[in-house]
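Beneath this line is the structure, given in structure tokens, with notes to follow.
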Amino acid sequence: MLASHHSVSTLLIRTELTDVGIATANIPVITIDGPSGSGKGTIARRVASALDWHLLDSGALYRLVGLAAARQGKMNAGEAEIAAIAEHLDVRFSSDESGEEQVWLGGAEVSRELRTEDCGRLASQVAALPAVRDALLALQKGFRRAPGLVADGRDMGTTVFPDAALKIFLTASAAERAKRRHKQLNDKGIDVSLAALSRDIEDRDRRDSERSVAPLRPAEDARLLDSSNLTIDEVTRTALDWAQGLEQDLD
């Protein structure tokens, strides 16, 4: 879920965003950054659920901008035009009866389309545009609300929340990430070749790490976690062990 507290089922993207400033300075943030397919989204959801904190899936925002730009035929338009799309996203997030995330763009439900490899490539392209990142920066900061926030992405600890109480950089080998993504897509009935996924992940890693604005890299004070040979439960336990004490600091 892009941004939620677990007692809230529906959120309009431009409502009730907290003003960033002194009022939010003491609200703890855990950032989980890493490359595509590292499992950061899954771990962020689990950590947020265990702590009963808000959750920010920043990657969904860039996927939405890419999808909206593609639908409007503006992926090759100037940077300013794509940034304007980011500033005026008509987006709604909700949960269905089973608790699964639903994302609506312009009144149409796009949850499944949002998680395709094509949409991921669009997201990586628009994320390389400085004006788009600027347009989304304030929105992302606005999700910092009590009792705390778990934010996953690629530059959460370096750019968006540099003062985060805990910064985790989650990674895995490219081969392992491709296998995980392949299984995830197959489980959803989406047919894609493992070789194509491997090439796409390598291309996206290079594009994300070489972009001029907010390149993918660990924050200097981040804790590195290689999940190549770990289960989801083991990674979650490690992250929660590192987070232990953050809530006590609020008391």
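Annotation: Ala219 fulfils all but one of (1) at pLDDT 90 or above; (2) in contact with a strand residue (DSSP E or B) (Cβ under 8 Å, 6 or more places away or on another chain); (3) of a type outside the set (Lys, Arg); (4) closer than 18 Å to Ile43 by Cα; the unmet one is (4). Scanning segment 140-188 for residues that are among the polar types (S, T, N, Q), crowded, with 17+ Cβ neighbours inside 10 Å and farther than 19 Å from Arg223 by Cβ yields a total of 1. Restricting attention to segment 125-137, the residues that are buried (at least 20 other Cβ atoms within 10 Å of the Cβ), more than 13 Å from Ser212 (Cα to Cα) and in contact with a Ser or Thr (Cβ under 9 Å, 6 or more places away or on another chain) total 1.
Applying the set (1) more than 23 Å from Arg45 (Cα to Cα); (2) under 20 Å from the mean Cα position of the chain (by Cα); (3) part of a helix (DSSP H, G or I); (4) of a type outside the set (Ser, Thr, Tyr) to Ala214 leaves exactly one unmet item: (3).
Determine, yes or no, whether Leu89 is hydrophobic (A, V, I, L, M, F, W, C), within 15 Å of the chain's Cα centre (by Cα) and surrounded by fewer than 20 Cβ atoms within 10 Å (Cβ to Cβ). So Leu89 fails the test.
Of all residues in segment 196-212, those that are loosely packed, with under 15 Cβ neighbours inside 10 Å have Cβ atoms under 9 Å from Cβ atoms of residues that are of a type in the set (Asp, Glu) and assigned to a helix (DSSP H, G or I), 6 or more apart or on another chain, in Ala196/Glu117.
Within segment 146-157, residues that are touching a residue at least 12 places away in the same chain (Cβ under 8 Å) have Cβ atoms under 7 Å from residues that are of a type in the set (Lys, Arg) and part of a helix (DSSP H, G or I) in these pairs: Asp152/Lys40, counting only partners at least 6 apart in sequence or on another chain.
The values are calculated or read from the model by the stated rules, or taken from the named source; none is laboratory data. For clarity, every value in this text was computed on a predicted model and none was experimentally measured. Backbone-built Cβ (ideal geometry, glycine too); neighbour counts: all protein chains shown.
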